[in-house]
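Asks: Dumping the structure here so I can ask a few things about it.
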Ligand code: ADP
Ligand code: MG
């Protein structure tokens, strides 16, 4: 599981995370919603050690992410991450893009890495695009490629940072469907998202961020059906 205890994060004088306590259990899907600038992305970066923290602890399966001596490369193999925009390697085919990290980071032989890559590409519905170059893919296919690339590391957790925000509206559905499939398969997921429908239907819990704090957290029925926090009510009134 992922355990976050009293997490504070400052950029200079700006305190972006102001005491986050959160535990995400194996198999759970947590959606994080909240206004731009509320610290959602920063939280994900603190979870996989892309950003140092100012105070508190982040434990992934008991491993203290920010402790001196923690092998971050090894840790990140357990945490797949999908960003808003993922720049694939334009000179590599779809298959090569996904096989690269298993080969370089996991040290698999080329044939084995390509077998893993092919399996994950089929999984996200890109089994017929193996020999294409990324430029030939639509935005939705590019994001599914990014998901396949993360899955090829066989992670325990998947972190999504607005994976559909840069997509044309007609391409959002196919990426959400892929995320929904992973959730149904039992993947543990933290999804920063503006897709309230997804948050409501797919998540086990939803956390609403406001100015670096979790203002309210709960089951989606409660969060969307009877929000307690006036700030959450105002947020939902704007986005729904
Ligand atoms: P969200 O993902 O909720 O939109 P972010 O986590 O990206 O919010 O950002 C939270 C705040 O931290 C914002 O005010 C942002 O400008 C600031 N911030 C994010 N990254 C940096 C950085 N590397 N240096 C300085 N300030 C940053
Ligand atoms: Mg963000």
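Asks: Do we have residue 109 as out of contact with any strand residue (DSSP E or B) (no Cβ under 7 Å at 6 or more places or on another chain), surrounded by 17 or more Cβ atoms within 10 Å (Cβ to Cβ) and within 28 Å of residue 49 (Cα to Cα) here?
Replies: So residue 109 fails the test.
Asks: Look at the range 57-74 and say how many of its residues are in contact with a strand residue (DSSP E or B) (Cβ under 6 Å, 6 or more places away or on another chain) and either closer than 18 Å to residue 153 by Cα or within 16 Å of ligand 1 (Cβ to nearest atom) (or both).
Replies: Selection size over the range 57-74: 2.
Asks: Go through the range 158-206 and report how many residues are under 18 Å from residue 27 (Cβ atoms) and within 14 Å of ligand 2 (Cβ to nearest atom).
Replies: 4
Asks: Looking at the structure I just gave you, is residue 44 within 16 Å of ligand 1 (Cβ to nearest atom) and in a loop (DSSP other than H, G, I, E, B)?
Replies: It is false that residue 44 is within 16 Å of ligand 1 (Cβ to nearest atom) and in a loop (DSSP other than H, G, I, E, B).
Asks: Among the listed residues 196, 187, identify the single one that is in contact (Cβ under 8 Å) with a residue 12 or more places away in the chain, over 23 Å from residue 36 (Cβ atoms) and surrounded by fewer than 20 Cβ atoms within 10 Å (Cβ to Cβ).
Replies: After applying the criteria, what remains is 187.
Asks: Could you please tell me which pairs satisfy a Cβ distance under 7 Å, a separation of 6+ or placement on different chains, a first residue in the range 15-38 that is under 21 Å from residue 57 (Cα atoms), and a second residue that is part of a strand (DSSP E or B) and within 11 Å of ligand 2 (Cβ to nearest atom)?
Replies: Every condition considered, the pairs that remain are 32/192; 32/209; 38/209.
Asks: Looking at the range 29-58 only, could you name the residues that are surrounded by 17 or more Cβ atoms within 10 Å (Cβ to Cβ), closer than 21 Å to residue 205 by Cβ and away from ligand 2 (no atom under 16 Å from the Cβ)?
Replies: 29, 56, 58
Asks: At pLDDT 95 or above, in contact with a strand residue (DSSP E or B) (Cβ under 8 Å, 6 or more places away or on another chain) and at negative phi: does that describe residue 42? I'd like the intermediate steps shown before the answer.
Replies: On the way: at pLDDT 95 or above: yes; in contact with a strand residue (DSSP E or B) (Cβ under 8 Å, 6 or more places away or on another chain): yes; at negative phi: yes.
Yes, satisfied.
Asks: For the range 1-30, which positions are touching a helix residue (DSSP H, G or I) at 6+ places or on another chain (Cβ under 7 Å) and either assigned to a helix (DSSP H, G or I) or within 13 Å of ligand 1 (Cβ to nearest atom) (or both)? So that I can check it myself, show each step before the final result.
Replies: Narrowing the range 1-30 to residues touching a helix residue (DSSP H, G or I) at 6+ places or on another chain (Cβ under 7 Å): 2, 7, 9, 16-17, 20, 29.
Across the range 1-30, the qualifying residues are 7, 9, 16, 17, 20.
Asks: Just checking, does the range 48-55 include any residue being in contact with a helix residue (DSSP H, G or I) (Cβ under 6 Å, 6 or more places away or on another chain), on the phi > 0 side of the Ramachandran plot and part of a loop (DSSP other than H, G, I, E, B)?
Replies: Yes, the conditions are met somewhere in the range 48-55.
Rundown of residues vs (1) under 19 Å from the mean Cα position of the chain (by Cα); (2) under 17 Å from residue 199 (Cβ atoms); (3) within 16 Å of ligand 1 (Cβ to nearest atom); (4) buried (at least 17 other Cβ atoms within 10 Å of the Cβ), yes/no style:
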{"site": "131", "(1), (2), (3), (4)": "no, no, no, no"}
{"site": "134", "(1), (2), (3), (4)": "no, no, no, yes"}
{"site": "138", "(1), (2), (3), (4)": "no, no, no, no"}
{"site": "148", "(1), (2), (3), (4)": "yes, no, no, yes"}
{"site": "156", "(1), (2), (3), (4)": "yes, no, no, no"}
{"site": "160", "(1), (2), (3), (4)": "yes, yes, yes, yes"}
{"site": "179", "(1), (2), (3), (4)": "yes, yes, no, yes"}
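Asks: Among helices (runs of 4 or more DSSP H) lying entirely in the range 137-240, which contain 3 or more residues that are touching a strand residue (DSSP E or B) at 6+ places or on another chain (Cβ under 6 Å)? Outline the logic, then answer.
Replies: Numbers: elements: 139-151, 169-184, 196-202, 230-239.
Those helices (runs of 4 or more DSSP H) span 139-151.
The values are calculated or read from the model by the stated rules, or taken from the named source; none is laboratory data. Source: prediction; values computed, not measured. Here the Cβ is made from the backbone with ideal geometry for all residues, glycine too, and neighbour counts use every protein chain on show.
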